[in-house]
There are 2 protein chains.
Amino acid sequence: MAPVAPRSGDAIFANVERVNAELFTLTYGAIVRQLLTDLEEVEEVNKQLDQMGYNIGIRLIDEFLAKSNVSRCIDFKETAEVIAKVGLKMFLGVTATVGNWNVEGTTCSLILEDNPLVDFVELPDTCQGLYYCNILSGVIRGALEMVSMKTEVTWIRDMLRGDDAFELQLKLLKQVPEEYPYKDDE
Amino acid sequence: MAPVAPRSGDAIFANVERVNAELFTLTYGAIVRQLLTDLEEVEEVNKQLDQMGYNIGIRLIDEFLAKSNVSRCIDFKETAEVIAKVGLKMFLGVTATVGNWNVEGTTCSLILEDNPLVDFVELPDTCQGLYYCNILSGVIRGALEMVSMKTEVTWIRDMLRGDDAFELQLKLLKQVPEEYPYKDDE
């Protein structure tokens, strides 16, 4: 595995501007409730949350690159580790474990045991098809697309559905090659 | 004026769980955009944001009372100071100035020069009637209602409309008297 030496997620998280996690959680809950009311179909809500996340991810990547001092990742394995240990920490204050790699090194999972998005959340029976945290998969997909990695991001396990953790599968579909490993002017 | 001695907003803010402010700002922006798409009328969006905020406020007050160690405020003046110096700090990481009191002590303004909700936000011409931060007025209204103060909360100045600060007017409509100043079992 490629060596990973990003700036510590804890150190970055301590130095960025933050807001109260409960406010964020309740605000996110208000979005989901609003979408459920407006769109009616749970499947449409999943799509919309993913799209919102994508729009956020393509902007958030700039803050991530500016604050984390992470240079361009060498490969998808390093990228996944950086998301798990630096990205998630920097934005949500949690980290994930990376696992379940396929042999080609193109598919893996981020496993989260703590997820501030779902504090105090219980899904009613009418929402069983809902991927409540779908904004997060969209954010990661959007952010990766801005660093030339086209991915598919799907939930494999979801604690709101009774699983024992949150597992997000990242599948690398296409990687646009870049000058390697650093641009000349860096 | 009544003496105000709440636990410092900074100290509380340092000890609550937090998420990245930019993530919060972008997520909030996604809500507003979604509402503008779904509801079309700016006036309806204002109402919906206020209602979302109200629903958040009636829950957030519990976290506030639990973490801040603020005991029941003696009067509306003290309440306004606590919101400005402790509540806003605890949830958004900013403080406000309290001013523009009427002689009866029932109306005042919270004046914010910094507001994380509006970072990177510019309103297009089609949204000129929008109170972008209306969720905040709803939160304060909801939280105050849970401590027996019925209020009207309105924006007087808004930097997104070209004003030099954010000014939120709090008007006390009705206060349900409580045992004063502490309950017997405290």
Inset, instruction - With the checklist (1) of a type outside the set (D, E, K, R); (2) touching a residue at least 12 places away in the same chain (Cβ under 8 Å); (3) open to solvent by 50 Å² or more (accessible area, probe 1.4 Å) in hand, flag the one item residue A:14 doesn't pass. - result: (2)
Legend entry - Residue within segment A:11-32 that is of a type outside the set (Val, Ile, Thr), farther than 30 Å from residue B:56 by Cα and out of contact with any helix residue (DSSP H, G or I) (no Cβ under 7 Å at 6 or more places or on another chain) present: yes
Inset, instruction - Mind listing whichever residues of segment A:56-81 are in contact with a strand residue (DSSP E or B) (Cβ under 9 Å, 6 or more places away or on another chain) and of a type in the set (S, T, N, Q)? - result: A:79
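The rows are residues; the columns are (1) among the small types (Gly, Ala, Ser); (2) in a helix (DSSP H, G or I).
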| site | (1), (2) |
| --- | --- |
| A:14 | yes, yes |
| A:31 | no, yes |
| A:36 | no, yes |
| A:71 | yes, no |
| A:79 | no, yes |
| A:83 | no, yes |
| A:86 | no, yes |
| A:98 | no, no |
| A:117 | no, yes |
Inset, instruction - Return a yes/no flag: does segment A:53-71 have any residue that is touching a Lys or Arg at 6+ places or on another chain (Cβ under 7 Å) and on the phi > 0 side of the Ramachandran plot. - result: yes
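Before we move on, is residue B:109 at pLDDT 90 or above, part of a helix (DSSP H, G or I) and not hydrophobic (A, V, I, L, M, F, W, C)?
On the way: at pLDDT 90 or above: yes; part of a helix (DSSP H, G or I): no; not hydrophobic (A, V, I, L, M, F, W, C): yes.
For residue B:109, the condition - at pLDDT 90 or above, part of a helix (DSSP H, G or I) and not hydrophobic (A, V, I, L, M, F, W, C) - is not met.
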Inset, instruction - Kindly indicate whether any position in segment B:101-109 is within 19 Å of residue B:32 (Cβ to Cβ) and either within 14 Å of the chain's Cα centre (by Cα) or loosely packed, with under 15 Cβ neighbours inside 10 Å (or both). - result: no
Legend entry - Counted residues, segment B:38-49 - those being within 12 Å of chain A (Cβ to nearest Cβ), in a helix (DSSP H, G or I) and surrounded by fewer than 21 Cβ atoms within 10 Å (Cβ to Cβ): 3
Inset, instruction - Confirm whether residue A:8 is buried (at least 20 other Cβ atoms within 10 Å of the Cβ), under 24 Å from residue A:146 (Cβ atoms) and at pLDDT below 90. - result: no
Legend entry - Residue check, residue A:123 open to solvent by less than 60 Å² (accessible area, probe 1.4 Å) and in contact (Cβ under 8 Å) with a residue 40 or more places away in the chain: no
Legend entry - Filter result (buried (at least 17 other Cβ atoms within 10 Å of the Cβ) and within 11 Å of another protein chain (Cβ to nearest Cβ)) within segment A:62-84: A:63, A:64, A:67
Legend entry - Condition met for residue A:92 (buried (at least 17 other Cβ atoms within 10 Å of the Cβ), within 13 Å of the chain's Cα centre (by Cα) and either within 14 Å of chain B (Cβ to nearest Cβ) or of a type in the set (Phe, Trp, Tyr) (or both)): yes
Legend entry - Residue check for residue B:19: open to solvent by less than 20 Å² (accessible area, probe 1.4 Å) and part of a loop (DSSP other than H, G, I, E, B): no
Inset, instruction - Being not in a strand (DSSP E or B) and not charged (D, E, K, R) is the filter; apply it to segment A:145-167 and report the residue that is farthest from residue A:177 (Cα to Cα). - result: A:162
Inset, instruction - Please work out if residue B:153 is touching a residue at least 60 places away in the same chain (Cβ under 8 Å), open to solvent by less than 30 Å² (accessible area, probe 1.4 Å) and in contact with a helix residue (DSSP H, G or I) (Cβ under 8 Å, 6 or more places away or on another chain). - result: no
Legend entry - Where a residue in segment B:39-63 is aromatic (Phe, Trp, Tyr) and its partner, wherever it lies, is open to solvent by 20 Å² or more (accessible area, probe 1.4 Å), with Cβ under 6 Å and at least six apart: B:54/B:141
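The values are calculated or read from the model by the stated rules, or taken from the named source; none is laboratory data. This structure is a prediction, so every number in the text was calculated from the model and none was measured. Methodologically, a virtual Cβ is constructed for each residue, glycine included, from the backbone with ideal geometry; neighbour enumeration extends over all protein chains shown. Surface areas here come from the heavy atoms of the whole protein model, side chains and all, with no ligands, DNA or RNA. Shrake-Rupley method; radii C 1.70, N 1.55, O 1.52, S 1.80 Å.
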